[in-house]
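Peer 1: My questions will all concern the structure given below.
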Amino acid sequence: MNLPELDSQTIDRILEMAWEDRTPFEAIEQQFGLLEKQVITLMRREMQASSFKMWRKRVTGRQTKHLKERAFLAGRFRSHMQKGS
């Protein structure tokens, strides 16, 4: 999977957003232009293997990581660092 050139500060922010349970992959795509598969590839590349496995186990099937699967939209927390805040 090809990833765009990203500086270390951007990579850190993407990793932080991916770790957050309530930040959907769509928010990462909107802000940084990375698809879910690209975020997974970036996480695999940047994290230790054990940490990556723990993260994948936690987010697999998690409804809050996908806007279409969420039971709520209004009132969700939005970081002040996200676009549109």
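Peer 1: Which of the numbered conditions does Thr23 fail, given that it passes all the others? Conditions: (1) modelled with pLDDT of 85 or more; (2) in a helix (DSSP H, G or I).
Peer 2: It is condition (2) that Thr23 fails.
Peer 1: Count, please, the residues in region 1-20 that happen to be surrounded by fewer than 14 Cβ atoms within 10 Å (Cβ to Cβ) and not in a loop (DSSP other than H, G, I, E, B).
Peer 2: Total meeting the criteria: 4.
Peer 1: Separate question: Mind checking whether some residue in region 47-55 is exposed (fewer than 14 other Cβ atoms within 10 Å of the Cβ) and under 18 Å from Met81 (Cβ atoms)?
Peer 2: no
Peer 1: Considering (1) farther than 14 Å from Met81 by Cβ; (2) modelled with pLDDT under 95, say which one Ile28 fails and leave the rest.
Peer 2: In the conditions (1) farther than 14 Å from Met81 by Cβ; (2) modelled with pLDDT under 95, Ile28 misses (1) alone.
Peer 1: Please identify the pairs in which a residue from region 5-20 that is within 18 Å of Val59 (Cβ to Cβ) has its Cβ atom under 8 Å from the Cβ atom of a residue that is surrounded by fewer than 14 Cβ atoms within 10 Å (Cβ to Cβ) and not hydroxyl-bearing (Ser, Thr, Tyr), counting only partners at least 6 apart or on another chain.
Peer 2: Arg13/Met81
The values are calculated or read from the model by the stated rules, or taken from the named source; none is laboratory data. Quantities reported herein were computed from a predicted structural model and do not represent experimental measurements. All Cβ positions, glycine included, derive from the backbone under ideal geometry; neighbour counts span all protein chains shown.
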